[in-house]
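No lab work stands behind these numbers, since they all come straight from the coordinates. Values in this document were obtained by computation on a predicted structure and should not be read as measured data. Cβ coordinates were reconstructed from backbone atoms using ideal geometry, including for glycine residues, and neighbour counts include every protein chain displayed.
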Amino acid sequence: MDETQIIDFTREAIMLTIKISAPVMMVGLVVGVLISLVQALTQIQEMTLTFVPKIMAIFATIFVMFPMMIALLIAFTQKIADTIVGMN
């Protein structure tokens, strides 16, 4: 395995991390902003109010997106394994 392959795999691993985490992070961001907006409109300033809906939304997103996440990870792992096996 030469340096260009290692750099390519590293780049792909970083992009894979972004692809897997982006939906979860975006849902957390949107739910956090919506809860903050509701708190500002109703003048309820409870600090713990944001955590439960955000955590539930993030868990729901992970549950829904889990098959896609696993498929991406399996494909990446198989690509690395095929490259390693093909080196001989």
In the stretch 20-36, which residues have a backbone nitrogen under 20 Å from the label point lying 7 Å from V52's Cα in the Cα-to-Cβ direction?
28-36
Under the Karplus curve 6.51 cos²θ - 1.76 cosθ + 1.60, θ = phi - 60°, whole-Hz ³J(HN,Hα) for the stretch 66-72, x wherever Gly or Pro sits:
4, x, 5, 4, 5, 4, 5
In debye to the nearest 20, the charge dipole size for the stretch 3-85, taken about the Cα centre with +1 at each Lys and Arg Cβ and -1 at each Asp and Glu Cβ, equals 180 debye
Between T10 and L29, what is the spin-label point distance in nm, taking each point 7 Å from the Cα along the Cα→C-beta axis?
2.6 nm
So what's the angle, to the nearest 10 degrees on a 0 to 90 scale, between helix 3-42 and the longest Cα principal axis of the chain?
10 degrees
If you average 1/r across every pair of different Cα atoms in the chain and take the reciprocal, what Kirkwood value do you get, in Å?
15.7 Å
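Please tell me the relative contact order of the chain in percent, rounded to the nearest whole number, where contacts are Cα pairs under 8 Å and at least six residues apart. Intermediate values should be presented prior to the final figure.
Details: 27 pairs, mean separation 35.1, N = 88.
Across the chain, relative contact order equals 40 percent.
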